[in-house]
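The numbers here are math on the coordinates, done by the rules we state, and not lab data. Here the structure is a predicted model, which means the values were calculated and not measured. For neighbour counting, all protein chains shown are included, and Cβ atoms are generated from backbone atoms with ideal geometry for every residue, glycine included.
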Amino acid sequence: MVRIAGQSKNLNNFDTPSEDVGALLMQRIANKDRRAFESFYYDYTPRIGSFMMKLLKKPELVDEAINEFMMTVWQSADHFDPTKGKLSTWLFGIAHNKVLKVLERQRRHWREESLERNDADSTEHEWDALAAETEANDPHTPERTVLGWELGDILASTMDRLSPEHRTVLELVFSENYGYEEVAVIMGCPVNTVKTRIFHARKKLAELLAKRGYSPYDL
């Protein structure tokens, strides 16, 4: 189980092995070296777990996603090719997929509960509604930049109202410092889609903060 509570919100505070050391570790895991797998767990899951916590919010969901992440690494370590990209990019791609699966299971669970209660305010379309509202806005409306803001309580709580795709792309670019091409690999989408999500995520975030009476200059 990965303990997230009390850890820094800045994912870059987590030290992970160099790419060369990581590649050697993956070779050993591919050969079913359990000691190497244990080393991998302690070296990489704090950073991966913190990234997941930003999106899943609940430790029990992070534990679920981490377990699935570790199982995939154990089973697919031989699929990693250091000549085709960085290990960290490959790992975050796996982590992103696991987060989406956990979110989808949660979404189905909420849908089932809503149907049982005949709740007209079902949350099953919450994220889609947010995305649709964002897309409906004029893309040429000037956006307020949020680059460089500290992830304080106000910003963090506002981030929670973004769709998973928008939260993920902001975390990968601004917290993990990945370039657009690497984010495209992690999220399994074209680079132009990453750019579009960044634009709309920043714009939506600024709009939500403005509704609460804050501007970029207040943070």
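Partners of K58 within straight-line reach, counting lysines whose Cα lies under 26 Å from its Cα and excluding those fewer than 8 residues away in the same chain: K9, K98, K101, K204. Between amide H atoms placed 1.01 Å from N, distances below 5 Å from R161 occur with no residue 5 or more places distant or on a separate chain.
Applying 0.36 nm per residue to the separation of D33 and K211 and subtracting their alpha-carbon distance, the gain on full extension is 58.8 nm.
Charge dipole (Cα centre; +1 on Lys/Arg Cβ, -1 on Asp/Glu Cβ; no other charges) of the stretch 14-118 amounts to roughly 300 debye.
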